[in-house]
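Enquirer: The structure follows.
Rule-based calculations on the coordinates, nothing more; no lab input. Keep in mind it's a predicted model, so treat the numbers as computed, not measured. Methodologically, a virtual Cβ is constructed for each residue, glycine included, from the backbone with ideal geometry; neighbour enumeration extends over all protein chains shown.
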């Protein structure tokens, strides 16, 4: 069965870009516009193999979202990749402390994305 | 994974443009609301998010203009967020102008047109905001998280030891350590994997959510240490990861010799693999240790000297062992040759600690010139040569500023606009050239442009105006050019943001002089301007030609050598007032007898029985008479301590066989020979 990846980003472009790339590799993709929506989906039974989340989002930002997932029974060990920008070394650390598994630095190429996904996909 | 991978981006671009429009209109709203409520953090965050989102997406889609513009805007907003500046009416209007500019940029991107002109004006305004430093003006996009994405050069198979002690919380971050171990299997063949418990414990004490395991592996792999290390990219900050190359391969050694990373030697006696030789290199990544360390240059100096001594001792041992026979002699010979290789390797590494190719700073100038040229609407190509010329790190660092000034001048004042160039019969594209090389015992860096040259009259006029010289006095060219270095001197008609403030050139001169160097100018009006920086060689490594004069060996810097010849007796002449000369390709060049300069008894006084090395010093040719050529070698210039400053000697070096040789300073030799 295809592995499912949940993409959380308020920017449609980014969701599409990541989604296209992942789908081309046979992953099944679910999108959410912010942490709040993603968390709802997870609570309502969505069980992805991995989550890719942006950090800067309205409603619920990435860091709080990661923390929330790590406290969610049954979903606590899902690998989470965060999308950061190069200028955010501090964010990287903060994200890791919150429980992020890894990160992808924007801007990235499809190959780079796939490589990182492959690195943490269970 | 295939090497190249493309997806159709047209749809994504479409939605990007649509999204930008949304962001742009909401950004306008946010800014105007902020005018009313400048302290509203939420508004500011929302504005930041919009800019940030456009920036991230434009970067991924390759819209570099949008990316760099939004990056700068983001910087301003970030300062605002951190309370480093406050929201003023002026700022609001600049921000609104910026939004307009993004709008235009997006429109241009949509149509596939270049960035609109007004972008630069707005950028200038953004850059002129307090605290916005000039370095922000060039935005460098880092190559994402994949510093290890570069192709790994093929290496011979080697044996690596990988010690991996995950932090206990690793599972809680969704990382399965077994996943990493499986990844390692993709990189090589694990010949042993030993798991360890971090401590013996009772079953009931075990927390199932923590990781108590660690692993010690031996991996037969063709990959470099860096590639193997990249597997641990996401965990190395918190876990203990140690990768050691146990059996090195030659090529793998090369791959790691220039690394900045801390190298430590750590042996774990209890877990040592039986077939394993002592660790050669160990890449120890742990916690948040810094990947570079600062070391006092004196310590490196001492190390250089010690290595020199080591080399000598090794040569002596080598010679002593040469006559031995018997069962053990063979073993000894092997060990000595191993020792020799290691000593050489140590020497190389120690040297490389201090030396960096000057090209390291040249590369950043490509961007500088490109951006400046674009800003000035000029067409300029930057040619770089001699980037492999090695220079002491501290010298390189201090070179960056002067070179930046010179390049800015070349772009701003030197190269004409495409129209002007066309009118004066030049190709539209101007050329700025940076070159580095060794000459006359110095490292020389030239910055040259084929632009309009220096306007003598303008300088004279300005100098008279500033009261630097008297009117009507005739002054030679080089003195006129020298005026450019006077503090506060600028002939630029109008001050631009890159040059023309007259603060550049005197700083260049001061910087160079502080390093014991010099700067000079050559120029022809309408043709070129060339700045020549000369730096002392005392800290550099050079390629040298080893020559013998009598019983002494000397090193002639190879960059000064044109050729060597054994002259025919009729090619030698004695000219009045010029002394001995020798025919070199139809021209007579002065013959300098090195034995006479240094007061040594030569093996041969007749040039046609000895050898003459033709050298170029400060653009003039000379023939140096030597007894014999012994070969070429890269030599390290060592300070001569209290003997420093002898005319004609740039320094000394220790040759591979332990002998000391003096390095000839061409310019000094000529001076001395005139006195002889």
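Enquirer: Taking each residue in A:50-56, count the Cβ atoms of any other chain within 10 Å of its Cβ, then average. What number comes out? Let's see the in-between values first.
Expert: Working: counts 1, 1, 0, 0, 4, 1, 8.
That average works out to 2.
Enquirer: Summing -39500 (n - 2.57) over the DSSP H runs of n ≥ 4 in chain A and dividing by its residue number, what mean residue ellipticity at 222 nm do you reach, to the nearest 500 deg cm²/dmol? List each step's numbers first, then the result.
Expert: Numbers: 5 runs with 52 residues, N = 122.
Result for chain A: -12500 deg cm²/dmol, rounded to the nearest 500.
Enquirer: With just the Cα atoms defining each centre, how far is the range B:90-112 from the range B:26-52? Give it in Å.
Expert: Centre-to-centre distance over Cα atoms comes out at 16 Å.
Enquirer: Per-residue Cβ counts within 10 Å, from other chains only, averaged over B:174-187: what number is that? Let's see the in-between values first.
Expert: Values: counts 18, 10, 6, 0, 1, 6, 2, 0, 0, 3, 0, 0, 1, 0.
Mean partner-chain Cβ count within 10 Å for B:174-187: 3.
Enquirer: Sticking with this structure for a sec: Under a point spin-label approximation (7 Å from Cα along Cα-to-Cβ), what is the residue B:621-residue B:33 distance to one decimal in nm?
Expert: 7.9 nm
Enquirer: Let's test the formula: R0 of 25 Å, r as the Cβ-Cβ distance of residue A:43 and residue B:172. What FRET efficiency results, to the nearest 0.05?
Expert: 0.80
Enquirer: Let me ask you something else. Between residue B:88 and residue B:117, what is the FRET efficiency for a Förster distance of 30 Å, r being their Cβ-Cβ separation, to the nearest 0.05? The partial results should precede the final answer.
Expert: Numbers: r = 26 Å, r/R0 = 0.88.
Using R0 = 30 Å, I get an efficiency of 0.70.
Enquirer: Would you mind pulling out the separation of the Cα centroids of the range A:84-120 and the range A:1-42, in Å?
Expert: About 15 Å separates the Cα centre of the range A:84-120 from the one of the range A:1-42.
Enquirer: Related question: Looking at the range B:541-675, send over the antiparallel percent of its DSSP beta bridges, to the nearest 5. It would help to have the intermediate numbers written out before the result.
Expert: Working: 39 of 44 bridges.
Around 90 percent antiparallel, to the nearest 5.
Enquirer: Over all directions, what mean area does the Cα convex hull of chain A project, stated in square nanometres?
Expert: On the way: hull surface 26.7 nm².
About 6.7 nm², averaged over all directions.
Enquirer: For the peptides B:660-667, B:597-604, what is the packing order when you average, over each peptide's residues, the other Cβ atoms within 10 Å and list the highest mean first? Working shown, then result.
Expert: Details: B:660-667: 21.8, B:597-604: 15.8.
Going from most to least packed, we get B:660-667, B:597-604.
Enquirer: Same structure, new question: Roughly what % antiparallel, to the nearest 5, for the DSSP beta bridges in the range B:358-536? Present the calculation step by step, with values, prior to reporting the outcome.
Expert: Values: 23 of 29 bridges.
Rounded to the nearest five, the antiparallel share is 80 percent.
Enquirer: Quick one: if the Förster radius is 25 Å, what FRET efficiency do residue B:420 and residue B:482 give, using the C-beta to C-beta distance and rounding to 0.05? Could the numbers behind the result be given before it?
Expert: Working: r = 27 Å, r/R0 = 1.07.
Given R0 = 25 Å and the Cβ-Cβ separation, E is 0.40.
Enquirer: Only bridges with both residues in the range B:339-450 count here: give the DSSP antiparallel percent, nearest 5.
Expert: Numbers: 11 of 17 bridges.
The antiparallel fraction comes to roughly 65 percent.
Enquirer: Let me ask something else. Put a dot 7 Å past each Cα toward the Cβ at residue B:551 and residue B:313; how far apart are the dots in nm?
Expert: Label-label distance for residue B:313 and residue B:551, simple model: 2.8 nm.
Enquirer: Counting alpha carbon pairs within less than 8 Å and at least 6 residues apart, what relative contact order, in whole percent, applies to the range B:367-439? Mind showing how you got there, number by number?
Expert: Working: 72 pairs, mean separation 37.1, N = 73.
Computed over the range B:367-439, the figure is 51 percent.
Enquirer: Over the whole of A:73-81, what's the average partner chain Cβ count within 10 Å per residue? Rounded to a whole number, please. Before the final figure, lay out each step's value.
Expert: Details: counts 0, 0, 1, 5, 7, 1, 6, 3, 2.
Taking all residues of A:73-81 together, the mean is 3.
Enquirer: Among A:55, B:61, rank each residue by its count of other Cβ atoms within 10 Å, from fewest to most, as a rough exposure measure. Don't skip to the end; give the middle numbers.
Expert: On the way: A:55 27, B:61 20.
Ascending number of Cβ neighbours within 10 Å: B:61, A:55.
Enquirer: Please give the length that would be gained between residue B:456 and residue B:543 if that part of the chain were fully extended, namely 0.36 nm times their separation in residues minus their C-alpha to C-alpha distance (nm, one decimal).
Expert: Working: separation 87, 0.36 × 87 = 31.32 nm, distance 3.96 nm.
Fully extending the segment from residue B:456 to residue B:543 adds 27.4 nm.
Enquirer: Based on the Kirkwood radius over alpha-carbon pairs, what is the Stokes-Einstein translational diffusion coefficient of the range B:297-356 at 20 °C with 1.002 mPa s viscosity, in µm²/s?
Expert: Taking Rh from Cα pairs, D becomes 169 µm²/s.
Enquirer: Something else about it: Please sort B:69-75, A:23-29 by packing, taking for each peptide the average over its residues of neighbouring beta carbons within 10 angstrom, highest first.
Expert: Details: B:69-75: 23.4, A:23-29: 14.6.
Top to bottom by mean Cβ count within 10 Å: B:69-75, A:23-29.
Enquirer: Can I ask one more? Neighbouring Cβ atoms within 10 Å as the yardstick, rank B:204, B:552 fewest first. Please list the in-between numbers first.
Expert: Working: B:204 5, B:552 18.
Lowest count first: B:204, B:552.
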